Amino acid sequence: MTAARGLDEAEQHAWREFLWAARLLFDVLDRQLQHDAGMPHAYYLILAALSGAPDHTMTMGELARAVRSSPSRLSHAVARLETAGWVRRGRDPHHRRHTYAHLTGAGLRALTAAAPGHVAAVRRHLFDRLSAAQVDALREACAAVRAGLEPAAGASPR
């Protein structure tokens, strides 16, 4: 077994900056959504994924892949969203083994109400701090990393 190549000083610094920036950004976005909309960021992502799906419906497997969640974690989250009346689950009549999740009208209204504050927080905490060239560099860097992690990622997620 070959020893892993270590990070040089510049890479180590870049890694730490990325790690802490991402953690802090997701923490502040989660707090904003909890405070303003009564939902964690993970629930917002589920609602957003469903809102972009045909008929606002996806199988649980599709939804888990779209939001990068384990099936058990997604099932728990969707159960909470069902309790709130924002999502409805059901069996696919054509594929009995498939369970689907459907965004309800109340869920769409909750997402629509949460979106302006969320977008404002993303703008304030990320994009307002970057120049246009930095936004381009961020997009290019993230696309390169994503392509290496997810080779079939040529198409954007829903």
Inset, instruction - Go through the range 84-96 residue by residue and turn each phi into a ³J(HN,Hα) via Karplus (6.51, -1.76, 1.60, θ = phi - 60°); whole Hz please, and just put x for glycine and proline. - result: 6, x, 8, 9, 10, 9, x, 8, 6, x, 8, 9, 3
Legend entry - Net charge, Glu82 excluded, C-beta distance under 12 Å - Lys, Arg +1, Asp, Glu -1: +3
Inset, instruction - Which order do the peptides 99-111, 127-139 take when ranked by the mean count of other beta-carbon atoms within 10 Å per residue, highest first? - result: 99-111, 127-139
Inset, instruction - Scan the chain and note any complete DSSP helix (H) whose C-alpha atoms cover at least 27 Å along its axis and whose Kyte-Doolittle average is -1.0 or more. - result: 9-37, 105-125
Legend entry - Surface/4 of the Cα convex hull for the range 30-114, nm²: 5.2
Legend entry - Ratio of Rg to Rh over the range 1-67 (Cα coordinates, Kirkwood Rh, two decimals): 1.20
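Each value in this text was obtained by applying a stated rule to the coordinates, not by laboratory testing. For clarity, every value in this text was computed on a predicted model and none was experimentally measured. Ideal geometry is used to build each Cβ from the backbone, glycine not excepted, and the neighbour counts take in all protein chains shown.
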